[in-house]
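For reference, the structure discussed in these notes is given below.
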């Protein structure tokens, strides 16, 4: 595909050779003369002079280098769109494999693909264009919308609800039991039946080995457009807001409520029964122990304002030297006070 064709599809301006043939896309360090790369973050601009790519997507034309530029208002987004021109994941052919088990009361929409050893339980309803890869299990009474895509070993437990255009990665569990136990007088634990459900709204993607637990009563809900990374735990009765980004190894304890456009970076822990309001960003490895007001950026454990946290962590490695200085100053003050006291005694 020629550069000018890619630019026309993306709505970008070409600066350089629009007739250059592009065979694929690659990172700056690995791209060759027939490949397209991108620059989205200005802090990596110094790498451009070392790339061997034939063309680059960038916010501004690259000057003084023999490389064609596709000038974009959003290089990262346009790079993602360009990537789709060269690669589409393989999609299984429609049909139900003879080794799949589909209950007679299940309702499967047109153009579905259900792979070998997939299981669809009684009274399940699945919309059009579903893809269930091998070993996907859909429990009894589940309702799923159109364009559902489940990778191998994903599981949707009983009576859960899933919207349209939802993608589940390998090993995802939707609606597993919430972690609820009551203490008995003898010190043992009595399991609390998890009678609620999990609801996944439209355009949600949940990646490999993550779990969204069902509620004890009521529901756990992941709202429209949320994206959840690998190895994330969403506890029972939580609410994940619209367009949230939840990165790997995050844990939400039960009844946590997240507003719109919340970003939880890697290994954030949320203690539960609290609200993180709209447009909050939480730095990696932070611990959230209370409500977070809208628009905040927080860090640390317990988390507080990220700007203050940055000052604190900058000072932390210097604490030993600061304590040494304080001890030395204290010693000198004590010696000075002792000298003054001795002088006063002699004058008396």
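Yes or no: the stretch 302-315 includes at least one residue that is surrounded by fewer than 18 Cβ atoms within 10 Å (Cβ to Cβ) and assigned to a loop (DSSP other than H, G, I, E, B). Can you show your working first?
If we filter the stretch 302-315 for residues that are surrounded by fewer than 18 Cβ atoms within 10 Å (Cβ to Cβ), which is where we start, we get 302, 304-308, 310-315.
With the extra rule that they be assigned to a loop (DSSP other than H, G, I, E, B), the set shrinks to 302.
The answer is yes; a qualifying residue exists.
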Some residue of the stretch 256-275 being touching a residue at least 40 places away in the same chain (Cβ under 8 Å) and touching a strand residue (DSSP E or B) at 6+ places or on another chain (Cβ under 8 Å): no
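Being in contact with a helix residue (DSSP H, G or I) (Cβ under 6 Å, 6 or more places away or on another chain) and surrounded by 14 or more Cβ atoms within 10 Å (Cβ to Cβ), is that true of even one residue in the stretch 237-256? Reasoning before the result, please.
Residues of the stretch 237-256 that are in contact with a helix residue (DSSP H, G or I) (Cβ under 6 Å, 6 or more places away or on another chain), as a first pass: none.
The answer is no, given that none of the residues of the stretch 237-256 is in contact with a helix residue (DSSP H, G or I) (Cβ under 6 Å, 6 or more places away or on another chain) and surrounded by 14 or more Cβ atoms within 10 Å (Cβ to Cβ).
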Single match in 298, 212 (criterion: within 17 Å of residue 166 (Cα to Cα) and in a strand (DSSP E or B)): 212
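Looking only at residues in the stretch 129-144 that are within 27 Å of the chain's Cα centre (by Cα) and part of a loop (DSSP other than H, G, I, E, B), which one is nearest to residue 204 (Cα to Cα)?
Filtering the stretch 129-144 down to residues within 27 Å of the chain's Cα centre (by Cα) leaves 129-139, 142-144.
Remaining after also requiring part of a loop (DSSP other than H, G, I, E, B): 129-130, 133-136, 139, 142.
Values: 129: 16, 130: 15, 133: 18, 134: 21, 135: 21, 136: 18, 139: 20, 142: 17 Å.
So, considering only residues that are within 27 Å of the chain's Cα centre (by Cα) and part of a loop (DSSP other than H, G, I, E, B), the one nearest to residue 204 (Cα to Cα) is 130.
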Residue list for the stretch 215-226, restricted to those being surrounded by fewer than 18 Cβ atoms within 10 Å (Cβ to Cβ) and in a strand (DSSP E or B): 219
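With respect to residue 40, determine if the residue is more than 30 Å from residue 120 (Cβ to Cβ), assigned to a loop (DSSP other than H, G, I, E, B) and free of Cβ contacts under 8 Å to residues at least 24 places away in the same chain. Full working, then the answer.
Working: more than 30 Å from residue 120 (Cβ to Cβ): yes; assigned to a loop (DSSP other than H, G, I, E, B): yes; free of Cβ contacts under 8 Å to residues at least 24 places away in the same chain: no.
Answer is no for this residue.
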Subset of the stretch 193-203 [within 10 Å of residue 226 (Cβ to Cβ) and crowded, with 24+ Cβ neighbours inside 10 Å]: 200
All positions within the stretch 12-22 that are assigned to a loop (DSSP other than H, G, I, E, B), without any contact (Cβ under 8 Å) to a residue 60 or more places away in the chain and more than 20 Å from residue 47 (Cβ to Cβ): 17, 18, 19, 20
Flag for residue 11 being on the phi > 0 side of the Ramachandran plot and more than 27 Å from the chain's Cα centre (by Cα): yes
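Rundown of residues vs (1) assigned to a helix (DSSP H, G or I); (2) modelled with pLDDT of 95 or more; (3) surrounded by fewer than 19 Cβ atoms within 10 Å (Cβ to Cβ), yes/no style:
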{"residue": "49", "(1), (2), (3)": "yes, no, yes"}
{"residue": "57", "(1), (2), (3)": "no, yes, no"}
{"residue": "65", "(1), (2), (3)": "no, no, yes"}
{"residue": "82", "(1), (2), (3)": "yes, yes, no"}
{"residue": "123", "(1), (2), (3)": "no, yes, yes"}
{"residue": "146", "(1), (2), (3)": "no, yes, yes"}
Some residue of the stretch 85-105 being within 30 Å of residue 145 (Cα to Cα) and part of a helix (DSSP H, G or I): yes
Residue, nearest to residue 229 (Cα to Cα), within the stretch 178-192, restricted to residues that are touching a strand residue (DSSP E or B) at 6+ places or on another chain (Cβ under 8 Å), assigned to a loop (DSSP other than H, G, I, E, B) and free of Cβ contacts under 8 Å to residues at least 40 places away in the same chain: 192
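I'm trying to understand the selection: among the residues of the stretch 163-177, which are in a loop (DSSP other than H, G, I, E, B) and either more than 23 Å from residue 216 (Cα to Cα) or in contact with a helix residue (DSSP H, G or I) (Cβ under 6 Å, 6 or more places away or on another chain) (or both)?
Applying the first criterion (in a loop (DSSP other than H, G, I, E, B)) to the stretch 163-177 yields 163-166, 169-172, 177.
The answer is 164, 165, 166, 169, 170.
The values are calculated or read from the model by the stated rules, or taken from the named source; none is laboratory data. The structure presented is a predicted model; accordingly, all values stated were derived computationally and were not measured. Glycine gets a Cβ as well: all are built from the backbone with ideal geometry, and neighbour counts include every protein chain shown.
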